[in-house]
Amino acid sequence: MTRFTGTSREAQAYATSQADFEPPRTVTEVDLLKSWEVCLLKSREWIRRPLDFVKSSAPVKEGMKGSDVRPVADVDELGEGVVRLSDGTELVTDAVVCATGWKARPPIKFSPEGMDAELGLPSNAAQMFSQKDVAAADAEIFSRFPKLREQPKTPSPGGDTSADDTNQPFTLYRFMAPPKHMLESNDIAFAGMITTISTPLCAHLQALWITAYLSNTLSRLPSSTLEAEKTALLHSRFGRWRYACGYGARFPDFVFDAVPYLDMLLRDLGIKEKRKGGWLSEIFEAYGPEDYKGVVGEWSEMQKKEQ
């Protein structure tokens, strides 16, 4: 992950050969992995697909033996401080973390009807944004990234949402928070609703961002609900054009845009995003996990000083 300076960051796509992504042939139980499609770049502007794998759940169940993790019945209802399971069991809990795997939509059915659309989640509700708003977002994207107008020919785009009966994509602020509730009732957020090859780093900073968001300690917020909604729409539409053959039209699906995304989260947290210590390093050295070491401590110290 090399940081690229400049207004458009157009140099974030790397020339990559298909041979670089050939699956290994000597790994034990390699048959458990089924490669969907290699990363194929037609140009520097739009991306064919990130790397995806489907894995059997059998080894996961085996790995749970002897651990503190235990399977339970399905979640039937969430109450105040309690989770009710389908077998009648009630679990007293302070929080629920959904680590649900590969499905591209939350596993919880929100009620009343239409709440999923209100939260910025995939739904089959009426269009959340007007055609005028969508056209304005697209126009801004094309003005900043003109090459995205030259879309690939793909008869079956990954953005098709018919598989889960939705016709509206994720439109979360920073890919985590419901934009309509950013400045009102910040009591819910969604981590991991992205597909990226920088998962550990994104998960790390998303967790910190959500902590700050839920505790009202973000250093930077949208000026209004309207701004939050427009930003969420802009980022959602960018995925539609940048990752036209992947899942960009459904949810955040990016390969080479991780560093700018992490920069954005760091600025929201009030933490410096240029972490190399010098402009030469910023230009020529790749970013890795070591560059984000100590981020939580920096944020914690900043909170102590502001108290």
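The values are calculated or read from the model by the stated rules, or taken from the named source; none is laboratory data. These numbers come from a predicted model, not from an experiment. Don't worry about glycine lacking a Cβ; one is built from the backbone with ideal geometry, like all the others, and counts go over all protein chains shown.
Among the residues examined, Ala212 qualifies as touching a residue at least 40 places away in the same chain (Cβ under 8 Å), among the small types (Gly, Ala, Ser) and either part of a helix (DSSP H, G or I) or touching a helix residue (DSSP H, G or I) at 6+ places or on another chain (Cβ under 9 Å) (or both). What are the residue pairs meeting all of these: first residue in segment 192-204, first residue part of a loop (DSSP other than H, G, I, E, B), second residue of a type in the set (Ser, Thr, Tyr) and at pLDDT 90 or above, Cβ atoms under 9 Å, and 6 or more apart or on different chains? Going by the 9 Å Cβ cut-off, the qualifying pairs are Ile194/Tyr261; Thr196/Tyr261; Ser198/Tyr261. The criterion of at least 2 residues that are modelled with pLDDT under 70, small (Gly, Ala, Ser) and over 29 Å from Trp241 (Cα atoms) is met, among helices (runs of 4 or more DSSP H) falling completely within segment 56-161, by 58-64.
Residues that are farther than 30 Å from Pro152 by Cα, modelled with pLDDT under 95 and among the hydroxyl-bearing types (Ser, Thr, Tyr) do not occur anywhere in segment 226-245. Considering (1) out of contact with any Phe, Trp or Tyr (no Cβ under 8 Å at 6 or more places or on another chain); (2) hydrophobic (A, V, I, L, M, F, W, C); (3) surrounded by 12 or more Cβ atoms within 10 Å (Cβ to Cβ), the lone condition that Leu265 does not fulfil carries the number (1). Number of residues in segment 241-259 that are within 14 Å of the chain's Cα centre (by Cα), over 13 Å from Met193 (Cβ atoms) and not in a loop (DSSP other than H, G, I, E, B): the value is 2. The condition of being under 15 Å from the mean Cα position of the chain (by Cα), within 16 Å of Met182 (Cβ to Cβ) and in contact (Cβ under 8 Å) with a residue 60 or more places away in the chain holds for only one of Leu234, Leu262, that being Leu234. Do we have Ala117 as under 14 Å from Phe238 (Cα atoms) and buried (at least 16 other Cβ atoms within 10 Å of the Cβ) here? So Ala117 fails the test.
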